[in-house]
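Contents: one structure, followed by commentary.
The values are calculated or read from the model by the stated rules, or taken from the named source; none is laboratory data. These numbers were taken from a predicted model, which means no experiment stands behind them. Please note: Cβ atoms are built from the backbone with ideal geometry, for glycine as well, and neighbour counts cover all protein chains shown.
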């Protein structure tokens, strides 16, 4: 049985997992959907009530019925590197590839339907609240007056994108920024704006979840940092990430979130305040983990490899991301 990894050729994070799978003797096929019709081929047959499908990658033929798991890591746009790419060819290739993969018996990390839904930040905030995780007061609006009133109730705010990275080429990360006290909110009318109460944090928390395995890391905030340095991705810091225990109530809420979201993998970001409360900021269903593993030594790549190989971790049945029955 083979593990299929859908990702780009240059993906160091995926390389870490491929290495672990190789050490365990688990067959792996790595495929970038961008190479469809130009190095990657597929075929599906529906005859007399039976479905059969095959993928050809670099001359290697793999049966879709022989897949044990599928890791949707960072796949490229289907057929983007075809000899004559087009929007039509991309849609045709996506329908063919993902449509065939959906009827395999493989389990997904993460299933495309669950992953697509999990990207929506408003839904994340609702699900986190429902799961019992603390969520800072948040407003998403195109009403300038609503933004002004929210700022009156919560004078110390940050603004962040609703969708994540700006869709330029290459994609550009948009930092979370502090809102000035005298901010003019009239521009809110021109696009949805996410305002959130700023958490006066003493540390950033990255909690990586693989099935039922929870691996948390903590980066202390620089006590001399400027108050406007609110985004850990851009704020200067000399402190490395360090392993940290997950509070029981947070662990319970996170596992409930994963189960309700039908995710097998999630990278949670929290802000820890002076009282030790972990405030939920977001969950990235395909977030990076290499930088955490390098700092902490936590076996995140090994945990992913074990999950893909079918070796369950603790409480793996509570959030295993298995959508094969529903696909």
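From the list 209, 246, 232, the lone residue that is within 19 Å of the chain's Cα centre (by Cα), at pLDDT 95 or above and either over 26 Å from residue 158 (Cα atoms) or not in a strand (DSSP E or B) (or both) is 209. Of the residues making up the range 67-93, those that are crowded, with 18+ Cβ neighbours inside 10 Å and in a helix (DSSP H, G or I) number 2.
The residue that is nearest to residue 220 (Cα to Cα), counting only those in the range 249-276 that are free of Cβ contacts under 8 Å to residues at least 40 places away in the same chain and in a loop (DSSP other than H, G, I, E, B), is 276. Within this structure, residue 33 fails the test of being in contact with a strand residue (DSSP E or B) (Cβ under 9 Å, 6 or more places away or on another chain), in contact (Cβ under 8 Å) with a residue 40 or more places away in the chain and within 30 Å of residue 193 (Cα to Cα).
Flag: residue 99 does not match the condition of being more than 30 Å from residue 1 (Cβ to Cβ) and surrounded by fewer than 17 Cβ atoms within 10 Å (Cβ to Cβ).
In the range 16-32, the qualifying residues are those that are under 14 Å from residue 6 (Cα atoms) and in contact with a helix residue (DSSP H, G or I) (Cβ under 6 Å, 6 or more places away or on another chain), and the one that is surrounded by the most Cβ atoms within 10 Å (Cβ to Cβ) is 17.
Among the residues of the range 41-53, what is the count of those that are closer than 30 Å to residue 266 by Cα and either at pLDDT 95 or above or over 29 Å from the mean Cα position of the chain (by Cα) (or both)?
We begin by selecting, within the range 41-53, every residue closer than 30 Å to residue 266 by Cα; these are 42, 53.
Pick out the ones that are also either at pLDDT 95 or above or over 29 Å from the mean Cα position of the chain (by Cα) (or both) and you get 42.
Adding up the residues that qualify gives 1.
For the range 130-163, a residue qualifies if it is more than 24 Å from residue 255 (Cα to Cα), touching a helix residue (DSSP H, G or I) at 6+ places or on another chain (Cβ under 9 Å) and in a strand (DSSP E or B), and the qualifying residues are 139, 140, 141, 157, 160. Within the option set 85, 75, being under 20 Å from residue 7 (Cβ atoms) and out of contact with any strand residue (DSSP E or B) (no Cβ under 7 Å at 6 or more places or on another chain) holds for one residue only, 85.
Against the test of being in the same structural domain as residue 74 (by TED's automatic domain parsing), touching a strand residue (DSSP E or B) at 6+ places or on another chain (Cβ under 8 Å) and touching a residue at least 12 places away in the same chain (Cβ under 8 Å), the options 44, 22 yield a single qualifying residue, 44. Kindly provide the set of residues from the range 102-117 that are touching a strand residue (DSSP E or B) at 6+ places or on another chain (Cβ under 7 Å) and surrounded by 17 or more Cβ atoms within 10 Å (Cβ to Cβ), ordered by number. Answer for the range 102-117, where residues must be touching a strand residue (DSSP E or B) at 6+ places or on another chain (Cβ under 7 Å) and surrounded by 17 or more Cβ atoms within 10 Å (Cβ to Cβ): 104, 106, 107, 108, 109, 110, 112, 115.
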